[in-house]
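*Asks:* Pasting a structure below so you can have a look.
The values are calculated or read from the model by the stated rules, or taken from the named source; none is laboratory data. Everything numeric here is computed off the predicted structure, so don't read it as measured data. Here the Cβ is made from the backbone with ideal geometry for all residues, glycine too, and neighbour counts use every protein chain on show. Areas reflect the complete protein model, heavy atoms only, side chains present, ligands, DNA and RNA absent. Shrake-Rupley method; radii C 1.70, N 1.55, O 1.52, S 1.80 Å.
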Amino acid sequence: MKVYRINCKNDQGDILDFDPYSLYQSLKKYVDTSEAEFMVKIFDLHANNDSIENIWPDVMPIKPLSNDYEKVDIYIQGGFLLLSKKAYEYLYQLLNEYGEFLKINVNGCEMILFNLRVFGQEDLDKCIEDYSKGVRSGYKSFAFIDSDINSKLLFKSKLLNGIGLFCGEEFKKLVTQRKLNGIEFNEIN
């Protein structure tokens, strides 16, 4: 089975002013836990596969870092998948079982952050770490167990702390057929 890592086109950086610390600042007023405990939860959100839907406001305002947000249908924003309204309406039924949709407002533009909550099981024999000057710098090769991911439209990796988003042919086909822009698919195996 072909597996793809989903990346932003042209490897652009974040287009929204939205990182774990700003997420923590925006949501801390909605929780009863200690600030330190909640900060750890937010910083480890994707690795721990936590839900934040129950503390998310109806719509969260987020500032843009660039005007590119108006030009993309799908984008990677941290460990989230950023969806335009058009992409959300098309993908909602397909992705609903895989995570949670969080509404945001970017300068009056309604968008959605998708918090993917499904892991794929890595094939540890084929996940070979890369080292540079004796320091771990990523992976030379990366693979998942086909029997685990065959029926998953999207999934993430525990080895990558839930930040990398992956898919198979089906999701790639859905995005390319509908001509949704902003992401590219890099085959990993």
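*Asks:* Which number in (1) out of contact with any Gly (no Cβ under 8 Å at 6 or more places or on another chain); (2) within 15 Å of residue 46 (Cα to Cα) marks the one condition that residue 86 misses?
*Replies:* Here residue 86 meets the rest and fails (2).
*Asks:* A follow-up question, please. Can residue 175 be described as open to solvent by less than 20 Å² (accessible area, probe 1.4 Å) and farther than 14 Å from residue 121 by Cα?
*Replies:* The answer is yes for residue 175.
*Asks:* Taking the conditions exactly as written (part of a strand (DSSP E or B), in contact with an Asp or Glu (Cβ under 8 Å, 6 or more places away or on another chain) and not acidic (Asp, Glu)), does residue 140 satisfy them or not?
*Replies:* Yes, satisfied.
*Asks:* Name the residues in the range 46-74 that are part of a helix (DSSP H, G or I), open to solvent by 30 Å² or more (accessible area, probe 1.4 Å) and at pLDDT below 90, would you?
*Replies:* Scanning the range 46-74 gives 67, 68, 70.
*Asks:* Next up: Return the pair list, or none, for Cβ contacts closer than 8 Å from residues in the range 49-69 that are at positive phi to residues that are open to solvent by 100 Å² or more (accessible area, probe 1.4 Å) and modelled with pLDDT of 95 or more, at least 6 apart or on different chains.
*Replies:* none
*Asks:* Taking the residues in the range 79-94 that are in contact (Cβ under 8 Å) with a residue 40 or more places away in the chain and more than 17 Å from the chain's Cα centre (by Cα) as candidates, determine which candidate is surrounded by the fewest Cβ atoms within 10 Å (Cβ to Cβ).
*Replies:* Within the range 79-94, the match that is surrounded by the fewest Cβ atoms within 10 Å (Cβ to Cβ) is 86.
*Asks:* If you don't mind, there's one more thing I want to ask. What about residue 30, is it open to solvent by 40 Å² or more (accessible area, probe 1.4 Å), over 28 Å from residue 173 (Cα atoms) and modelled with pLDDT under 95?
*Replies:* yes
*Asks:* Another one. Kindly indicate which of 107, 161 is open to solvent by 70 Å² or more (accessible area, probe 1.4 Å), more than 14 Å from residue 75 (Cα to Cα) and within 15 Å of the chain's Cα centre (by Cα).
*Replies:* Result of the check over 107, 161: 161.
*Asks:* Could you figure out which of (1) open to solvent by 40 Å² or more (accessible area, probe 1.4 Å); (2) out of contact with any Gly (no Cβ under 8 Å at 6 or more places or on another chain); (3) closer than 15 Å to residue 113 by Cα isn't true of residue 43?
*Replies:* Every condition holds for residue 43 apart from (3).
*Asks:* Something else: Could you grab the pairs with beta carbons closer than 6 Å, sequence gap of 6+ or different chains, first residue in the range 171-189 and in contact (Cβ under 8 Å) with a residue 40 or more places away in the chain and within 21 Å of residue 93 (Cα to Cα), second one of a type in the set (A, V, I, L, M) and in a helix (DSSP H, G or I)?
*Replies:* Close Cβ pairs (under 6 Å, with a partner that is of a type in the set (A, V, I, L, M) and in a helix (DSSP H, G or I)) amount to 180/87.
*Asks:* Considering only residues that are β-branched (Val, Ile, Thr) and within 16 Å of residue 157 (Cα to Cα), which ones fall in the range 104-123?
*Replies:* 118
*Asks:* Still on this model: Can you tell me how many residues in the range 113-154 are touching a residue at least 60 places away in the same chain (Cβ under 8 Å) and open to solvent by 30 Å² or more (accessible area, probe 1.4 Å)?
*Replies:* 5
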